[in-house]
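Below: one structure, written as structure tokens.
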Amino acid sequence: MPNWTPSAGLLAFLADSKTPPFLFTLGSCVVADPAGLSLKVAEAAARAGVRVILQEGWAKLGTQLNPVPPHIFVLGPAPHSWLLPRRSAVIHHGGAGTTCAGLLAGLPTLVLPFFGDQPFWGEAIRKAGCGPAPLPANTVTTEALSVAFGELLLRNNEMKFRAQALGANIGIENGAQEAVQCFYRHLPGAGAGMRSI
């Protein structure tokens, strides 16, 4: 999004507190009840005492909130490279790209997986101490979200330290080279003839 610029409303929301808000984004995932999930996020955030940027995404989250509570900011498309460094935590679906982006930004992370590799990334985040246990997106409750939001807030410094350390390791890894090496390591009979990249 080369021409993207933050709105005055977003900048005001970001400037309104000493603690940066959480970012809640599900990217290209869709949910059966976007209005219900949006209400759960708003209520859980209110209970935990946190503010949340609720990114619409393909699920159109937050567009059903009328009025939008003052602790919620509904946001359309925006680059993660701009958003993530201005957050105190990120809640997302657990896609590999978003997981990597959140860790590169050093953010405590809560994963709400739907399918595929997303539960794996949610559990990897938990095991690394970078966030709470994942909560399945299709069955998440307001109470569970509230508890997880509270944990992200309470353990923010500890989780951020771990996320920053993991992000630093990801940042220096040559993923393309490692993928090619892995491919050649697993080719039948390729052991002695493995190419050097």
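Here are a few things to note about the model shown:
- Summarising the amide proton neighbourhood of CYS29: residues at separation of 5 or more, or on other chains, whose placed amide H is nearer than 5 Å comprise TRP58.
- Euclidean distance of C-alpha centroids, the stretch 152-187 and the stretch 35-64, integer Å: 29 Å
- Under 5 Å from the amide H of PHE73 lie the amide H atoms of VAL52, ILE53, LEU54, each residue being 5 or more positions distant or on a separate chain, with H modelled from the backbone and absent for Pro and chain starts.
- Spin-label model, TYR184 to ALA32: label points 7 Å out along the Cα-to-beta-carbon direction sit 4.9 nm apart.
- Karplus (6.51, -1.76, 1.60) ³J(HN,Hα), θ = phi - 60°, over the stretch 78-87, in Hz, Gly and Pro reported as x: 7, x, 4, 4, 8, 6, 4, x, 9, 10
- DSSP-loop GluC sites (Glu not before Pro) across the stretch 90-192, with at most 12 other Cβ within 10 angstrom: GLU173
- For the stretch 72-134, the square roots of the Cα gyration tensor eigenvalues, ordered a ≥ b ≥ c, give a/c of at least 1.5 with a/b greater than b/c, which places it in the prolate category.
- Assuming charge only on the beta carbon of Lys and Arg (+1) and of Asp and Glu (-1), the dipole of the stretch 8-185 about its Cα centre is about 300 debye to the nearest 20.
- The value of relative contact order for the stretch 8-185, using C-alpha pairs under 8 Å at least six residues apart, is 21 percent.
- HN-Hα J in Hz across the stretch 144-157 - Karplus 6.51, -1.76, 1.60, θ = phi - 60°, x for Gly and Pro: 4, 4, 4, 4, 5, 4, x, 5, 4, 6, 5, 9, 4, 4
Rule-based calculations on the coordinates, nothing more; no lab input. Because the structure is a prediction, the values reported are computed rather than measured. Quick reminder, even Gly has a Cβ in these numbers, built from the backbone with ideal geometry, and neighbours come from all protein chains shown.
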